[in-house]
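Data first, discussion second: the structure below is written as C-alpha coordinates.
The values are calculated or read from the model by the stated rules, or taken from the named source; none is laboratory data. Here the structure is a predicted model, which means the values were calculated and not measured. Please note: Cβ atoms are built from the backbone with ideal geometry, for glycine as well, and neighbour counts cover all protein chains shown. Heads up: the accessible areas ignore ligands, DNA and RNA and are worked out on the full protein's heavy atoms, side chains in. Shrake-Rupley method; radii C 1.70, N 1.55, O 1.52, S 1.80 Å.
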Amino acid sequence: IRCLDERMLKLQRAGRIGFVGTARGLEAALVGPASALEPQDWLWSGDAAALVLSGGAGCGKTWAAASAIGQHGGAWADAHEFGRLVSDDRLAQLCHSGGVVVIDDLGQEHLGARAGGLSVVDEITSARVGARRRLVVTTNLRPEDLRARYGERFWSRVAVVEVGGVDLRQPKETR
(Lines give C-alpha, C1' and ligand atoms only; values in the text may rest on other atoms or scores of the structure.)
Protein backbone atom coordinates (compact mmCIF):
# COMPACT_ATOMS: atom_id res chain seq x y z
CA ILE A 1 0.00 0.00 0.00
CA ARG A 2 2.82 2.39 0.79
CA CYS A 3 4.46 1.71 -2.59
CA LEU A 4 1.18 2.53 -4.33
CA ASP A 5 0.78 5.68 -2.21
CA GLU A 6 4.24 6.88 -3.21
CA ARG A 7 3.59 6.17 -6.91
CA MET A 8 0.19 7.88 -6.89
CA LEU A 9 1.58 10.90 -5.05
CA LYS A 10 4.34 11.24 -7.67
CA LEU A 11 1.73 11.03 -10.47
CA GLN A 12 -0.39 13.69 -8.78
CA ARG A 13 2.59 16.01 -8.32
CA ALA A 14 3.48 15.52 -12.00
CA GLY A 15 -0.07 16.54 -12.98
CA ARG A 16 -0.97 13.13 -14.43
CA ILE A 17 -3.86 12.54 -12.01
CA GLY A 18 -6.09 15.10 -10.39
CA PHE A 19 -6.26 14.14 -6.73
CA VAL A 20 -4.84 11.47 -4.47
CA GLY A 21 -5.40 10.80 -0.78
CA THR A 22 -2.69 8.72 0.82
CA ALA A 23 -3.38 5.86 3.23
CA ARG A 24 -0.24 6.18 5.35
CA GLY A 25 -1.17 5.09 8.86
CA LEU A 26 -4.52 3.70 7.66
CA GLU A 27 -3.27 0.51 6.02
CA ALA A 28 -5.39 -1.83 8.18
CA ALA A 29 -8.54 0.08 7.22
CA LEU A 30 -7.85 -0.83 3.60
CA VAL A 31 -6.61 -4.39 3.99
CA GLY A 32 -9.43 -5.52 6.30
CA PRO A 33 -12.38 -4.82 3.98
CA ALA A 34 -10.41 -6.07 0.97
CA SER A 35 -10.09 -9.48 2.60
CA ALA A 36 -13.86 -9.93 2.17
CA LEU A 37 -13.72 -9.48 -1.60
CA GLU A 38 -14.44 -12.33 -3.98
CA PRO A 39 -12.48 -12.86 -7.24
CA GLN A 40 -15.39 -11.51 -9.33
CA ASP A 41 -15.68 -8.28 -7.27
CA TRP A 42 -14.38 -4.99 -8.65
CA LEU A 43 -12.75 -2.13 -6.84
CA TRP A 44 -13.62 1.13 -8.52
CA SER A 45 -12.38 4.62 -7.77
CA GLY A 46 -14.94 6.94 -6.22
CA ASP A 47 -13.79 9.77 -8.47
CA ALA A 48 -13.33 8.10 -11.85
CA ALA A 49 -15.69 5.52 -13.31
CA ALA A 50 -13.57 5.00 -16.40
CA LEU A 51 -10.37 2.99 -16.49
CA VAL A 52 -7.80 3.55 -19.23
CA LEU A 53 -5.22 0.86 -19.90
CA SER A 54 -2.31 2.54 -21.69
CA GLY A 55 0.73 0.75 -23.06
CA GLY A 56 2.59 -0.69 -25.99
CA ALA A 57 1.21 -3.08 -28.56
CA GLY A 58 0.67 -6.66 -27.46
CA CYS A 59 1.11 -6.18 -23.70
CA GLY A 60 -2.33 -7.56 -22.78
CA LYS A 61 -4.59 -4.51 -22.55
CA THR A 62 -7.22 -5.85 -24.94
CA TRP A 63 -7.13 -9.26 -23.28
CA ALA A 64 -7.74 -7.66 -19.87
CA ALA A 65 -10.66 -5.62 -21.23
CA ALA A 66 -12.17 -8.70 -22.87
CA SER A 67 -11.89 -10.53 -19.55
CA ALA A 68 -13.89 -7.77 -17.87
CA ILE A 69 -16.73 -8.22 -20.36
CA GLY A 70 -16.45 -11.99 -20.03
CA GLN A 71 -17.01 -11.74 -16.28
CA HIS A 72 -19.53 -8.88 -16.15
CA GLY A 73 -21.17 -8.73 -19.58
CA GLY A 74 -21.34 -5.57 -21.63
CA ALA A 75 -20.55 -4.13 -25.04
CA TRP A 76 -17.41 -3.84 -27.17
CA ALA A 77 -16.46 -0.98 -29.48
CA ASP A 78 -13.38 -0.78 -31.63
CA ALA A 79 -12.30 2.87 -31.77
CA HIS A 80 -12.01 2.55 -35.57
CA GLU A 81 -15.81 2.64 -35.77
CA PHE A 82 -15.74 6.22 -34.39
CA GLY A 83 -13.96 7.28 -37.58
CA ARG A 84 -17.34 7.30 -39.32
CA LEU A 85 -20.77 8.43 -38.24
CA VAL A 86 -22.10 6.36 -35.34
CA SER A 87 -25.82 5.56 -35.35
CA ASP A 88 -28.02 6.81 -32.53
CA ASP A 89 -28.86 3.21 -31.57
CA ARG A 90 -25.18 2.25 -31.33
CA LEU A 91 -24.36 5.38 -29.34
CA ALA A 92 -27.25 4.69 -26.93
CA GLN A 93 -26.01 1.11 -26.47
CA LEU A 94 -22.50 2.30 -25.60
CA CYS A 95 -23.74 5.06 -23.31
CA HIS A 96 -26.44 3.21 -21.40
CA SER A 97 -25.94 -0.56 -21.54
CA GLY A 98 -25.31 -2.53 -18.37
CA GLY A 99 -22.11 -4.33 -17.57
CA VAL A 100 -18.81 -3.04 -18.88
CA VAL A 101 -18.33 -1.06 -22.08
CA VAL A 102 -14.91 -1.38 -23.68
CA ILE A 103 -13.48 1.07 -26.20
CA ASP A 104 -10.51 -0.75 -27.71
CA ASP A 105 -7.57 0.99 -29.43
CA LEU A 106 -8.55 4.58 -28.61
CA GLY A 107 -6.36 6.87 -30.68
CA GLN A 108 -6.65 4.75 -33.82
CA GLU A 109 -9.88 6.34 -35.03
CA HIS A 110 -9.82 8.63 -38.07
CA LEU A 111 -10.42 12.27 -37.17
CA GLY A 112 -11.32 13.59 -40.64
CA ALA A 113 -14.06 16.08 -41.49
CA ARG A 114 -16.87 13.48 -41.40
CA ALA A 115 -15.63 11.71 -38.30
CA GLY A 116 -17.19 12.31 -34.94
CA GLY A 117 -14.55 10.40 -32.99
CA LEU A 118 -13.71 12.97 -30.32
CA SER A 119 -17.32 13.91 -29.62
CA VAL A 120 -18.42 10.25 -29.55
CA VAL A 121 -15.69 9.37 -27.04
CA ASP A 122 -16.65 12.40 -24.94
CA GLU A 123 -20.36 11.52 -25.04
CA ILE A 124 -19.81 7.88 -24.08
CA THR A 125 -17.39 8.78 -21.29
CA SER A 126 -19.65 11.52 -19.90
CA ALA A 127 -22.76 9.33 -19.96
CA ARG A 128 -21.11 6.31 -18.35
CA VAL A 129 -19.22 8.25 -15.69
CA GLY A 130 -22.33 10.33 -14.91
CA ALA A 131 -24.38 7.17 -14.42
CA ARG A 132 -21.50 5.40 -12.60
CA ARG A 133 -21.39 2.66 -15.24
CA ARG A 134 -18.12 0.89 -15.95
CA LEU A 135 -16.01 1.92 -18.93
CA VAL A 136 -12.66 0.40 -19.86
CA VAL A 137 -10.57 2.03 -22.58
CA THR A 138 -7.44 0.56 -24.14
CA THR A 139 -4.90 2.67 -25.98
CA ASN A 140 -1.35 2.65 -27.27
CA LEU A 141 -1.15 6.40 -26.63
CA ARG A 142 1.08 7.61 -23.83
CA PRO A 143 -0.89 9.29 -21.02
CA GLU A 144 0.34 12.78 -21.98
CA ASP A 145 -0.70 12.21 -25.61
CA LEU A 146 -4.09 10.89 -24.51
CA ARG A 147 -4.63 14.00 -22.40
CA ALA A 148 -3.60 16.32 -25.24
CA ARG A 149 -5.79 14.58 -27.83
CA TYR A 150 -9.01 14.15 -25.79
CA GLY A 151 -8.72 17.16 -23.48
CA GLU A 152 -9.19 17.99 -19.83
CA ARG A 153 -12.88 17.03 -19.77
CA PHE A 154 -12.03 13.43 -20.73
CA TRP A 155 -8.87 13.36 -18.62
CA SER A 156 -10.69 14.41 -15.45
CA ARG A 157 -13.09 11.46 -15.77
CA VAL A 158 -10.58 8.64 -16.15
CA ALA A 159 -8.00 6.75 -14.14
CA VAL A 160 -5.01 5.76 -16.26
CA VAL A 161 -3.01 2.61 -15.61
CA GLU A 162 0.17 2.17 -17.62
CA VAL A 163 0.64 -1.44 -18.69
CA GLY A 164 4.18 -2.50 -19.47
CA GLY A 165 5.88 -5.54 -20.86
CA VAL A 166 6.93 -7.11 -24.09
CA ASP A 167 4.74 -7.66 -27.13
CA LEU A 168 3.18 -11.02 -26.31
CA ARG A 169 2.05 -11.44 -29.91
CA GLN A 170 5.64 -11.81 -31.06
CA PRO A 171 7.24 -15.26 -31.13
CA LYS A 172 8.93 -16.02 -27.82
CA GLU A 173 12.40 -16.16 -29.39
CA THR A 174 12.11 -12.56 -30.73
CA ARG A 175 10.87 -10.95 -27.51
If you count only protein heavy atoms and use a 1.4 Å probe, how large is the accessible surface of W76, to the nearest 10 Å²? 90
Taking only protein heavy atoms and a 1.4 Å probe, the highest-to-lowest accessible-area order of I124, I17 is I17, I124
Overall form of the stretch 126-175 per C-alpha gyration tensor (a/c, 1.5; a/b vs b/c): prolate
Inter-probe distance in nm under a simple model that places probes 7 Å from Cα toward Cβ, at A66 and F19: 3.7
From zero up to wherever the largest Cα-Cα distance of the stretch 57-175 sits, split into 5 Å bins and tell me the percent of pairs in each. 2, 11, 21, 23, 22, 12, 6, 3, 1, 0
One finds, for A92 and A148 with R0 = 30 angstrom and r their Cβ-Cβ distance, a FRET efficiency to the nearest 0.05 of 0.55
Grab the other residues whose beta carbon is less than 10 angstrom from that of A50, score K and R as +1, D and E as -1, and report the net. +4
Please report the carbon-and-sulfur percent of the accessible area for the stretch 64-175; probe 1.4 Å, protein heavy atoms only, DNA, RNA and ligands left out. 49
What order do K61, K10 take when sorted by accessible area (1.4 Å probe), most exposed first? K10, K61
